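Notes follow once the structure below has been shown.
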Amino acid sequence: MTTIEPWVDPDDFPEISSAQFDAATVKVAGKVVNRGGRPKGSDKEKVTIRLDRDVLDHFRAGGAGWQTRLNDALRKAAPL
């Protein structure tokens, strides 16, 4: 037997501000879920770059952490 849930008017819910949304805790099945992304204070910047396929394949072949290894290789090559 099917039960019908009562309809809830979406206009009955108050608007959520950006600050409230950013401060919200995300939960799935009652467990807090990490939103991911870079930690606060990280000095990394997301960029788009075109690399030769063989160079990319070389770093990806190393498995997880290939972006960090690529960053380390670039840092080593740059006169910093």
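The values are calculated or read from the model by the stated rules, or taken from the named source; none is laboratory data. Computed from a predicted structure; not experimentally measured. Because the Cβ atoms are built from the backbone with ideal geometry, glycine has one as well, and the counts that use them run over all protein chains shown.
Under 8 Å between Cβ atoms, which residue pairs at least 6 apart in sequence (or on different chains) link something in segment 5-20 that is among the small types (Gly, Ala, Ser) and at pLDDT 80 or above with a partner that is in a loop (DSSP other than H, G, I, E, B) and surrounded by 10 or more Cβ atoms within 10 Å (Cβ to Cβ)? Every condition considered, no pair remains. In segment 51-74, the residues that are free of Cβ contacts under 8 Å to residues at least 60 places away in the same chain form Cβ pairs under 9 Å with partners that are of a type in the set (Gly, Ala, Ser) and not in a helix (DSSP H, G or I), at six or more places apart or across chains, as follows: Arg69/Gly62.
Taking segment 1-49 as the range and being over 29 Å from Gln67 (Cα atoms) and in a helix (DSSP H, G or I) as the test, the residues that pass are Pro10, Asp11, Asp12, Ser18, Ala19, Gln20, Phe21, Ala23.
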